[in-house]
Amino acid sequence: MTERPRLAVVGAGPAGLAAALAAAARGVQVTLVDAADQAGGQFYRQPAAALGARRPQALHHQWRTWERLRDGLDRHRTAGRITQLTDHHVWCVARDSASGAFAVHALLGPAQEDGVTVRADAVLLATGAYERVLPFPGWTLPGVVTAGGAQAMLKGGLVLPGRRVVVAGTGPLLLPVAAGLAAAGAWVAALVESAGPGALLHRAPALAAQPGKLAEGAGYAARLLRHGVRTLARHTVVAAHGTDRLEAVTVAALDRDGRPRPGSARRIPCDTLAVGHGMLPHTDLAETLGCTLSGTAVRVDAEQRTDVPGVWAAGEATGVGGAALALAEGHIAGRSAAARLRGTAPDPGGWGAARTRTRLRAFATALDAVYAPPAGWADRVPDETVVCRCEEVTAGEVRGAVDSLGAGDLRTVKLLTRAGMGWCQGRMCAPAVAGLAGCPLTAGRRPFARPVPLGVLAALPETE
Ligand SMILES: Cc1cc2nc3c(=O)[nH]c(=O)nc-3n(C[C@H](O)[C@H](O)[C@H](O)COP(=O)(O)OP(=O)(O)OC[C@H]3O[C@@H](n4cnc5c(N)ncnc54)[C@H](O)[C@@H]3O)c2cc1C
């Protein structure tokens, strides 16, 4: 056992699980670390064990794949080839440049007050993605949640975020969220999608190359129809209303240029707005290690290797593309890591997963072009709207930093306004601040992926 090379996999979603299974099956000792209390990630998020869900599969797609992953994980754990660490929040991965060995530093449990370090010969980052949150008047009212947050409440907590829900924004995630909420008993008053059918038709050849994905989309659409959910394509939420909590939203139709059509605004009463504008890769740990990004995602080669020796990345950290793509990438990364660690020849081109990856990446690129936030969204955010909720910085203050003080990048806007300086360190507001400031969304260059108690830092050996 001690002779098996050690691989630390951060993230137990589809990518991390596929990677861990592939590496463990090929002679590698794997430690699978995840912040959640169960494996599954976002797509296969499981209900808390204490809830005793009798039919968790009712909230899921591709349950058989999940069963295969779960059973594989159980087998490797029993055989001692995988150590699974749940409730471990990784705040930093450090590489010793002399030995090339890695230290994966994590905080334990919900309180996150104690630290633990996992040692490994190589690291595979499968940290997934997070939702892009864009501001509009009323977005901070209780009752406004992200689309993924609403789904997490349902899948993980078996609760509805409200009774009368509007699902809005843009992106393929809105379909399963609206369908899931409706099937679970919420009244979904409308699904408001800012993209139009024309954009989908425009990409028809690329999309049609993935009939399985199209069938999945059609399945959601059929469920929405069955539950009588109204779909408003080429519409957007322009404001959320309420005094102590959400009472209604105003939606408007969008013209060809993505601007609200005058006279098209209408009010929809609701107690919950589940809103999402797509996803962005989670790259904090990769950035700290010095991995190069390509746009907002970690750059990888054909074997899913980053440009830092001994670091692989897979799944949505390397580009948002769905669970099937994450599985394929994870499998390739796990196989490659095993081959490299054991000194055998990797052959990613010969693996079936490589062809799947190519197809699914093309599909994801086509979808990306269809689902983008409506043009000019930033111009429509009124000056008094709060953008950074940790530090209560308004859109007007961000504009002031750019127009009056000459800020031209996220970091300068932050220094001048405090936007992004609070608890979340810009993880939520950075895309919005960048949009308002008209500057690119650049890497945060945060040394830690999450807040760390001083005691944990002080307890580290001086060399680290
Ligand atoms: C909120 C949300 C909801 C989604 N719902 C759907 C859906 O309904 N249908 C669909 O097709 N796709 C959905 N997606 C897209 C979905 O995430 C992917 O298709 C798929 O789950 C990606 O797999 P992954 O393994 O790359 O990442 P994920 O499944 O996101 O897994 C990443 C894992 O890494 C862990 N992690 C991240 N950072 C750390 C850290 N610092 N320390 C420890 N652990 C860490 C997380 O806890 C998580 O378990 C959703 C995405 C999000 C963000």
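The values are calculated or read from the model by the stated rules, or taken from the named source; none is laboratory data. It should be emphasised that the depicted structure is a prediction, and the values quoted were computed from it without experimental measurement. Cβ placement follows ideal geometry from the backbone for every residue including glycine, while neighbour counts extend to all protein chains displayed.
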Practice problem: Can you tell me which residue within region 417-443, out of those that are within 14 Å of the ligand (Cβ to nearest atom) and within 17 Å of residue 127 (Cβ to Cβ), is surrounded by the fewest Cβ atoms within 10 Å (Cβ to Cβ)? | Solution: 424
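Among the candidates 49, 53, single out the residue that is assigned by TED's automatic domain parsing to the domain that holds residue 17, more than 12 Å from the ligand (Cβ to nearest atom) and in contact with a Pro (Cβ under 7 Å, 6 or more places away or on another chain). Outline the logic, then answer.
Details: 49 fails: in contact with a Pro (Cβ under 7 Å, 6 or more places away or on another chain).
Of 49, 53, the one residue that is assigned by TED's automatic domain parsing to the domain that holds residue 17, more than 12 Å from the ligand (Cβ to nearest atom) and in contact with a Pro (Cβ under 7 Å, 6 or more places away or on another chain) is 53.
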Exercise. Please state which one of 129, 122, 150 is more than 22 Å from residue 424 (Cβ to Cβ) and surrounded by 19 or more Cβ atoms within 10 Å (Cβ to Cβ).
Key: 122
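Name the residues in region 444-455 that are among the hydrophobic types (A, V, I, L, M, F, W, C) and either touching a strand residue (DSSP E or B) at 6+ places or on another chain (Cβ under 6 Å) or surrounded by 17 or more Cβ atoms within 10 Å (Cβ to Cβ) (or both), would you? Step through it out loud before you land on a result.
So the first thing to find is which residues in region 444-455 are among the hydrophobic types (A, V, I, L, M, F, W, C), and the list is 448-449, 452, 454.
Correct list: 448, 449, 452.
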Practice problem: With the condition kept exactly as written, say whether any residue in region 246-266 is farther than 25 Å from residue 376 by Cα and surrounded by fewer than 16 Cβ atoms within 10 Å (Cβ to Cβ). | Solution: no
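If you check residue 158 against the conditions, is it on the phi > 0 side of the Ramachandran plot, touching a residue at least 40 places away in the same chain (Cβ under 8 Å) and outside the structural domain of residue 35 (by TED's automatic domain parsing)?
Details: on the phi > 0 side of the Ramachandran plot: yes; touching a residue at least 40 places away in the same chain (Cβ under 8 Å): yes; outside the structural domain of residue 35 (by TED's automatic domain parsing): yes.
Judged against the criteria, residue 158 is a match.
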Exercise. With the condition kept exactly as written, say whether any residue in region 127-147 is part of a loop (DSSP other than H, G, I, E, B), within 16 Å of the ligand (Cβ to nearest atom) and under 30 Å from residue 342 (Cα atoms).
Key: yes
Practice problem: Could you grab me the full set of residues in region 307-346 that are more than 21 Å from residue 278 (Cβ to Cβ), in contact (Cβ under 8 Å) with a residue 60 or more places away in the chain and either within 10 Å of the ligand (Cβ to nearest atom) or of a type in the set (Ser, Thr, Tyr) (or both)? | Solution: 330
Quiz item: In region 4-21, is there at least one residue being of a type in the set (D, E, K, R), at pLDDT 90 or above, surrounded by 16 or more Cβ atoms within 10 Å (Cβ to Cβ) and in a loop (DSSP other than H, G, I, E, B)?
Solution: yes
